[in-house]
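All remarks here apply to the structure that follows.
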Amino acid sequence: MSATITGVLDKIVYANEENAYLVARIKEKGNREPTTIIGNIAAMPGESLRLFGEWVENKKFGRQFRVDRYESVAPASVHAIEKYLGSGLIKGVGKVFAARITAKFGSATLDVIEHHPERLHEVEGIGEVRVDKIRCAWVEQKAIKRVVMFLQEHGVSPAYAVKIFKTYGDKAIDIVSKNPYRLAADVYGIGFKTADTIAGRMGIVKDSPMRAEEGAAFALSELADSGHVYYPVVELVKSAAGMLEIDETMVRVGIDALAAKGRVVIDGEDVYLTPFHHAETGVASRLSSLAAAKDKASAVDAEAAVIWPADGDSAVRWVEERNHIMLATNQKQAVIASLTSKVMVITGNPGCGKSTIVRCIVDIAGRRGFRVLLAAPTGRAAKRLSELSGKEAKTIHRTLEFKNMRFLRDQDNPLDADLIVVDEASMIDIILMYSLVKAVPPGASLILVGDVDQLPSVGPGNVLRDIIESGSVPVSTLNEIFRQAQDSMIVVNAHRINRGEKPLINNAVSRDFFFIDAEEPEKVVDEVVSLVTKRLPAHFRVNAVRDIQVLCPMHRGIVGVGSLNSRLQEVLNPPARPPARPNGAQVSRGGRIYRVGDKVMQMVNNYDKDVFNGDIGIIRSFDFEEAAARIDFDGTIVEYEFSELDDLALAYACSVHKAQGSEYPVVVIPIHTQHYVMLQRNLVYTALTRARKAAVFVGTRKAMAIALRNDKVRKRYSRLGERLQVEAKRLAAGGKWLAGGKVRAGA
C-alpha cells in the first residue's frame, strides 16, 4: 500500500548516477534506527525529504521503503541544516564552513543564504569571493531542483538534472517542454529512449510527425557513431521504422522534413547528416585542389637550393649524411616524392621506417628554411611525434586553434606553414579532416602518415584508406622490416598477425612478446591482475599505473574493461585504512568510485578544458569545499567539478579503440572467446602495436585463431574515395564538371 515518510537523508550506501538509483539511510523523527530507502533519487546527505512510495520486504536486507516520487523540504533542525550545507551540494561550503555558518545563524541559516547572503561576511573566513560562490551555487541548486521536479512529474529519473541544467541553464524546462528529443543530441548520457519516454509523458503520440523526424535523425546519428558517413535511405527507413514501431511511410516523410529543414542531405539514394555531407564533399574538393596545384612553396634559404626541389638525389645524400643513416630504396623514393608532391601519403607497418622518413623530410624542409608544422590527432601521438622528429608537434585541435567551439584557422585564416605533416592519420575522421584541409594554405604541402591496417577512426569515415584506395594522390608504402626491428618479436609478430599468420610464441627466449594460456575467464582476470600489479613491474622495472596499460577487445563481461578496472583499482589503489593515507579520499559518481591516485580516461571531447576523448590522467586531489577534483594530464592540472566526473572512467584497462594513437611501455591484452563478436585481425594488430617495450597476451589460442581468420573490415558507408576520383578527373579536364567520367556538355 502507498505510504509517505519524512526525514533527513543520512547516508548513501550505493549510488548509480547512470539511472539515479540509490540505496540510502534516512532518519525519521521519532525513530531511533534509520530507515533504508531505495529508488531513483537525486539527493545528497543532509537533505530533508518527503518520500512517497511503499514498504517492501527484501529477503536479504529486510524491510525497505521503495520510493516512487519525492519532494525536497526545508531541513527541520540546525544539525540537519549543517549536514545539508556540508554535503558538497553547495560549492564553496564544506564541513568546516557549514559548521561555522550554522553556529552563527542557527535555524535562520537557509533564510540568510536565500535572502540576505551579504550577512555571510559575518562568518569568520568568508570573504567576498566565497560569498559569491555560495550565492551562485544556491541559485543553481534551486534551478536544478526545479528541473528535477519537472522531470519527475513526467515519470523520468532525475539523474541527469545537473547535466540538463548545465547544458540549457535557466531555459532547461522551456526547451525540454518544446522538444524533449533535443536531450538525446545535446546531453551526454541521455539516449533517445529516455527522451522518447519524456516525450510520451508530455503527450507526444507514437505516430506524431515530430517523433518520426527525431527518430530518423537519431537513427542516422547512431549509424554515424558506428562509423558511417551516410546511410542508404531504404535501409535507414527500415531501421528507424523498426526502432519507432511505426509505418515506413511516416519515416520517409520525416526524412524529407529533415531535409527541408537542412538537418540532413539526401544525395541520390543516400542520406547524410548535413555536416557530414559538407565535410565529405569539402574534403574531396579541397584535397584534390591542393594535390593538383603545381607550385611548391618557394625557397627561403638560397644556399640550400641545390637540394630542393630540383635534385632529389642530392637531398637524399644530404639527409643521410646528416643523420648517419642509409635509407632503403623505398624510403629514398618516399623522400624524393615529398619534394614535389603537394599532397602525399606515407603508410606502412611497424619497423618499416615511417618515423625515419618523417625526420628526414622535416630535416630537409628545415634546411631549406620552410615553415614546418607537425600535428597528430591525440596529445600522446603528438608527444611521440615530437620525440621522434626533434621538433614541436601539437594536436590537430591545437594546431587549428580551437576556441569557443570553432577552429580559428580555416580557409580565411590559413596556417602559417609551407609543409604540414600529420601523423597517425588513420585516426582522423571525416569532420576533423575537413577542418584540417580547409586550413592548409594553397602554397603549402600536406603529408599524411599512418598505418592503414590499424583500426579506422572512432568517428565517421575511413579517411586514410579512402584516400589511398582512390589513387588520387601519391602513396609511399613502406613494407621492408629493418634489421634492428627484426630483433623485436613485437614487430615480427605484428607483421605476421597482419598477414593472418599465427604469432611466433616462445616465452622462454622472447624479450618483448609473450602469450600466457588461460582457459577460464576468471583465470584470465587473475593472470592479468597478477601481471600488472606484481610480475611485470618487477621484471621490466616499470610503474604499474603509469607504464602498463591493459587493452580489452570489449567493455562488458568478466574479461571486459569494466570488470578489470574494478579488480585493478582494488589492488593498485584500495580504500585507505586507518591511519589514513593520501589516497584515502574518494568520490562516488555514476556508479563508480574515484580515489586520489586513480588512473582515469576522458570519455568525451571537452574543448573548454582542452582535454579530449582518450586522454589519460591521474587524480591528484579532491577539494570537498569546492566540490572539485584536480587531475594531472601529462603534467597539466585540470580541475573538474564533481558533476563533471561522469565524463571520466577508470583507465587501468581501456578498449583497444580508445588506445589508438597512443603507445605504452608495456601492454597486457586479454583475448578470450568471450570477446567473440569483437575478435578481428585489425583489432589484435592495433592492440599489439601499442606496445613499445613488451606485449603480453593472456587467454586462449583459439580466440587468437578466430581473430586472425576474421580479416573483414566492417563496412563503413563513405563516398570519399569516389568523390576524390571524380574531382581528380574534373581538374584534369580543365576544371569542368564531370559525370560518369565524361565532361558534361555545357559545363
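Residues of the range 466-501 that are touching a Lys or Arg at 6+ places or on another chain (Cβ under 9 Å) and under 18 Å from ARG723 (Cα atoms): ASP466, SER470, VAL473.
Collect the residues in the range 257-278 that are open to solvent by 40 Å² or more (accessible area, probe 1.4 Å) and within 14 Å of GLU214 (Cβ to Cβ), keeping them in residue-number order. Matches in the range 257-278: LYS261, ARG263.
Condition check ((1) in a helix (DSSP H, G or I); (2) hydrophobic (A, V, I, L, M, F, W, C); (3) out of contact with any Ser or Thr (no Cβ under 8 Å at 6 or more places or on another chain)) across all residues:
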residue	(1), (2), (3)
ARG63	no, no, no
ALA108	yes, yes, yes
ILE113	yes, yes, yes
ARG135	yes, no, yes
GLN141	yes, no, yes
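Just to verify a result, which residue in the range 597-616, among those that are at pLDDT below 90 and under 16 Å from ILE637 (Cβ atoms), is most open to solvent (accessible area, probe 1.4 Å)? Result: ASP608. Listed conditions (1) within 23 Å of VAL253 (Cα to Cα); (2) within 22 Å of the chain's Cα centre (by Cα); (3) open to solvent by 40 Å² or more (accessible area, probe 1.4 Å); (4) modelled with pLDDT of 85 or more are all met by ALA185, apart from (4). The residues of the range 63-87 that are modelled with pLDDT of 75 or more and open to solvent by 20 Å² or more (accessible area, probe 1.4 Å), listed by number, are ARG63, ARG66, ASP68, ARG69, GLU71, SER72, VAL73, VAL78, HIS79, GLU82. When residues of the range 205-227 are filtered for being in contact with a Lys or Arg (Cβ under 7 Å, 6 or more places away or on another chain) and over 15 Å from THR274 (Cβ atoms), how many remain? Of the residues in the range 205-227, 1 are in contact with a Lys or Arg (Cβ under 7 Å, 6 or more places away or on another chain) and over 15 Å from THR274 (Cβ atoms).
Only one of the numbered conditions (1) modelled with pLDDT under 85; (2) part of a strand (DSSP E or B); (3) touching a helix residue (DSSP H, G or I) at 6+ places or on another chain (Cβ under 7 Å) is not met by TYR594, and that is (1).
Could you tell me whether the range 614-621 includes any residue that is of a type outside the set (Lys, Arg) and outside any strand (DSSP E or B)? Within the range 614-621 (the criterion being of a type outside the set (Lys, Arg) and outside any strand (DSSP E or B)), the answer is yes, since at least one residue qualifies. Scanning the range 209-266 for residues that are part of a loop (DSSP other than H, G, I, E, B), out of contact with any helix residue (DSSP H, G or I) (no Cβ under 8 Å at 6 or more places or on another chain) and small (Gly, Ala, Ser) yields a total of 2. Of the residues making up the range 115-127, those that are out of contact with any His (no Cβ under 9 Å at 6 or more places or on another chain) and outside any helix (DSSP H, G or I) are HIS116, VAL123, GLU124, GLY125, ILE126. There is no residue in the range 507-518 that is buried (at least 21 other Cβ atoms within 10 Å of the Cβ) and closer than 29 Å to ARG620 by Cβ.
Pairs meeting the criteria (first residue in the range 639-667 and part of a loop (DSSP other than H, G, I, E, B) and modelled with pLDDT of 90 or more, second residue open to solvent by less than 30 Å² (accessible area, probe 1.4 Å) and of a type in the set (Gly, Ala, Ser), beta carbons under 7 Å, at least 6 apart or on different chains) are VAL656/ALA687.
The values are calculated or read from the model by the stated rules, or taken from the named source; none is laboratory data. In this text, all values refer to a predicted model and were calculated from it rather than measured experimentally. With ideal geometry, Cβ positions are generated from the backbone for all residues, glycine too; neighbour counts draw on all protein chains shown. With ligands, DNA and RNA removed, areas are computed over all heavy atoms of the protein, side chains included. Shrake-Rupley method; radii C 1.70, N 1.55, O 1.52, S 1.80 Å.
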